[in-house]
1. From Cα pairs below 8 angstrom and at least 6 apart in sequence, can you work out the relative contact order of the stretch 115-420, rounded to a whole percent?
2. Compute the distribution of all C-alpha to C-alpha distances in the chain, in bins of 10 Å from 0, and list the percent of pairs in each, rounded to whole numbers.
3. Name the residue from Leu7, Thr352, Leu172 whose Cα lies farthest towards the positive end of the charge dipole of the chain, charges +1 on Cβ of Lys and Arg and -1 on Cβ of Asp and Glu.
4. In deg cm²/dmol and to the nearest 500, what is the mean residue ellipticity at 222 nm of the chain if only DSSP H runs of at least 4 residues count, each as -39500 (n - 2.57), divided by the residue total?
5. Using the Cα centre of the chain as the reference point, and only Cβ charges (+1 on K/R, -1 on D/E), how large is the resulting charge dipole? Debye, rounded to the nearest 20.
6. What number in nm² do you get for the stretch 131-228 if you take the convex hull of its Cα atoms and divide its surface by four?
7. When 1/r is averaged over all different Cα pairs and the result inverted, which Kirkwood radius in Å belongs to the stretch 4-99?
8. Just rank Trp283, Trp188, fewest to most, by other beta-carbon atoms within 10 angstrom.
Amino acid sequence: MIDPAVLRHDPDRVRQSQQRRGESVELVDQVLVADEARRASISRFETLRAEQKSIGKDVAKATGDDKAALLARTKSLAADVKQAQAAVDETEAVYTELFKQLGNLVIDAVPTGGEDDGVVLETVGTPRDFAAEGFTPRDHLELGEMLGAIDMARGAKVSGSRFYYLTGQGALLEFALSQFALSKALEWGFTPMIPPSLVKPSAMEGTGFLGQAAQDVYHLAEDDLYLVGTAEVPLAAYHSDEILAAGSLPLRYAGFSPAFRREAGSYGKDTRGIFRVHWFDKWELFVYCDPVDAEAEHAKLLAWEKEFITALEIPFQVLDVASGDLGLSAARKFDCYGWLPTQDRYREITSTSNCTDFQARRLGIRSRFADGTRQVATLNGTLCAMTRMIIMLLENHQQADGSVRIPAALQPFIGGRQTLEPIA
């Protein structure tokens with residue numbers, strides 16, 4: 001959540017941020033009214049409690065009619081205090097419910113607009129000219145079936161639509177990508193982690209995934225646990241309700257986990273192959289740092305993502321995501337879009353977000369700094385979403401005979417082989 005002081009003292013800043021997000025500006029005034037009501041109820045409760053404590057001392061000294069009057073007032077006060085406490089609880093609940101709906105404050109440099117208004121910051125690499133090479137590229141599913149690498153039919157038979165098996169060379173390719181991602185994360189100084197994939201509501205809500213994204217989350221009602229859609233959730237909650245040691249920042253974690261997504265609202269979109277599925281494995285980078293260093297850390301995360309994609313020899317673009325396309329927690333987000341030959345366009349493969357101190361406030365994560373104890377900043381970045389990276393490798397490095405060239409950087413992690421070959 002945002003800093004309540006900003007809301008009280010500079011509500012126009014919050015209004016502007018909400019407007020840029022395409023979210024309710026009226027919500028700001030609703031929260032301000034709720035905050036006034038909450039503070040008024042707290043003030044009344046504290047006044048009554050102070051009188052109750054004072055009378056308690058006077059009763060011990062009083063006698064006769066004075067004592068009887070004080071005892072009567074004590075009884076009346078007890079009912080008033082109980083009522084005032086209920087009012088505090090009620091106004092606090094209303095305020096909290098409204099306040100947590102406010103998105104993070106959008107950083108000024110973020111382009112304004114919706115999904116189609118992101119700004120391309122950079123184009124890296126040149127897409128292959130397959131026509132000049134004399135053949136029409138196959139899509140990843142056709143290649144995957146030729147290689148014995150992807151089995152959608154049995155995935156659907158066993159689990160339903162948008163599920164799959166990675167088999168043979170497909171499984172080897174994921175393991176190779178995973179080991180390559182781990183090697184890079186270690187090289188960059190990240191601590192590897194395998195976090196739980198089921199989390200409590202507090203972890204999901206604390207990271208902002210029970211707001212706008214709630215419809216895309218799998219909930220196990222009987223256990224009141226959620227399947228994570230990204231390792232960002234358990235990595236963010238790892239230090240919840242903690243005060244991090246002075247001088248310990250930045251903390252950098254690389255988490256490997258499955259990601260589960262309902263893909264709500266995606267009916268009819270990307271139904272072929274493994275681009276948009278209900279489950280995939282992913283390496284996620286996560287950083288805790290001093291908020292003053294957050295933008296610099298964001299730049300580093302983007303640079304590491306670019307290094308990884310470049311090593312895999314995939315042409316890509318870097319997009320500065322527009323304000324209306326940011327998630328609840330992100331103050332700024334950069335996406336990398338890889339070139340997809342059979343669609344003749346760039347598609348999203350990685351994302352990195354600066355969440356400033358928004359998630360840390362919700363999760364109760366602070367650190368000791370020279371100027372006192374305060375919230376940290378959190379940042380996240382996709383290093384390797386397996387299915388989409390496999391798609392990019394198959395389509396961009398395919399050969400006319402259906403084989404697929406393996407980039408040099410990946411070869412040591414797949415037994416030194418240079419190509420994936422079609423099965424007989």
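Every number in this text was worked out from the coordinates using simple rules, so none of it is lab data. Just so it is clear, the model here is predicted, and its values are computed rather than measured. When we count neighbours, we look across all protein chains shown, and the Cβ atoms used for this are built from the backbone with ideal geometry, even at glycine.
1. In percent, rounded to a whole number, it is 24.
2. 4, 18, 26, 22, 13, 7, 4, 3, 2, 1, 0
3. Farthest towards the positive pole: Leu7.
4. That comes out to -13000 deg cm²/dmol.
5. For the chain, the charge dipole is close to 1000 debye.
6. 10.7
7. Hydrodynamic radius (Kirkwood, Cα pairs) of the stretch 4-99 is 15.8 Å.
8. Result, fewest neighbours first: Trp188, Trp283.
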